[in-house]
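Below you'll find the structure, written out as structure tokens, and then a few comments.
Taken together, the values in this text are just the output of simple stated rules run on the coordinates, not laboratory data. No experiment lies behind these values; they were computed from the predicted model shown. Positions of Cβ are backbone-derived with ideal geometry, glycine not excepted, and every protein chain shown enters the neighbour counts.
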Amino acid sequence: MIVSPSVLSCDFANIQRDTEMLNTSVAEWLHIDVMDGVFVPNISFGFPVLQAIRKHTQKVLDVHLMIANPDAYLEEFKKAGADILTVHYESCTHLHRTISRIQELGMKAGVALNPHTPIEVLTEIANQLDLVLIMSVNPGFGGQKFIEAATDKVARLKALRERHQANFIIEVDGGVNLGTGAKLAEAGADALVAGSFVFGSADPVQTIAELKAL
């Protein structure tokens, strides 16, 4: 299991400290949520914070764009240090073009699906994707309750991947803890994003290790 702690839940006044703490953990990725207040009803951080985190870690930066018009910023996210760049299906008019451009820039390309969006929308592009991110909460805020239907959605996405002989990673974001994480792992998830569950625990490094063991 790949664990991608969400820095949206870290102590913003101590981002360097928390990044260095994550460096000591078994987490392979760091999940960076970028929100613009347009596509989702919240605003998080942008290029300066991403650049600052990049200076303090060699781990994969798993950047999740919850923004309108992501195409306008792909080059800037590459320059800021993104290794994986995930855009929302719901915000991309020409998804194939967007995915192609992300990969041309040397990043892994992912597509995120909101809870109401069926996996079938990815049928024609499945073989091009490096990652699919299933949202198990409505995007915009941390600490939300897990939407149970996401587990079956992961199982169906795994089946779609097999049918199309695709190789994308299945990642899940929202309400992940040891209980929901175990269900998602059984359904076929390859990567779990966890924010408040990690940073709100008494020992984040140990919590990450327990998630990785699922």
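Could you calculate the contour length gain from M1 to K55, that is, 0.36 nm times the residue separation minus the distance between their Cα atoms, to one decimal place in nm? Walk me through the numbers before you get to the answer.
Values: separation 54, 0.36 × 54 = 19.44 nm, distance 2.55 nm.
Length gained between M1 and K55: 16.9 nm.
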With the crude spin-label approximation of a point 7 Å out along Cα→Cβ, what separation in nm comes out for N42 versus T24? 2.7 nm
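Which of the residue pairs K59/K158; K55/K79; K153/K183 have a Cα-Cα distance greater than 18 Å in the structure shown? Display every interim value, and only then the final one.
Values: K59/K158 26 Å; K55/K79 12 Å; K153/K183 12 Å.
Listed pairs above 18 Å: K59/K158.
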In deg cm²/dmol and to the nearest 500, what is the mean residue ellipticity at 222 nm of the chain if only DSSP H runs of at least 4 residues count, each as -39500 (n - 2.57), divided by the residue total? -9500 deg cm²/dmol
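What do the square roots of 5 times the Cα gyration tensor eigenvalues come to for the chain, in whole Å, largest first, as semi-axes of the equivalent ellipsoid?
Details: eigenvalues 112, 90, 47 Å².
The three semi-axes for the chain are 24, 21, 15 Å.
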Given a Förster distance of 45 Å, the FRET efficiency implied by the Cβ-Cβ spacing of E120 and V205, rounded to the nearest 0.05, works out to 0.70
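Evaluate the relative contact order of the chain (contact order divided by residue number), counting alpha-carbon pairs under 8 angstrom at least 6 apart; express in whole percent.
Details: 429 pairs, mean separation 48.6, N = 214.
With pairs under 8 Å counted, the relative contact order is 23 percent.
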Straight-distance crosslink candidates among aspartates and glutamates, where the alpha carbon sits under 13 Å from K145 and sequence neighbours closer than 8 are dropped: D173
Charges at C-beta only: +1 for Lys and Arg, -1 for Asp and Glu. How large is the resulting dipole of the stretch 2-212 about its Cα centre, in Debye rounded to 20? 160 debye
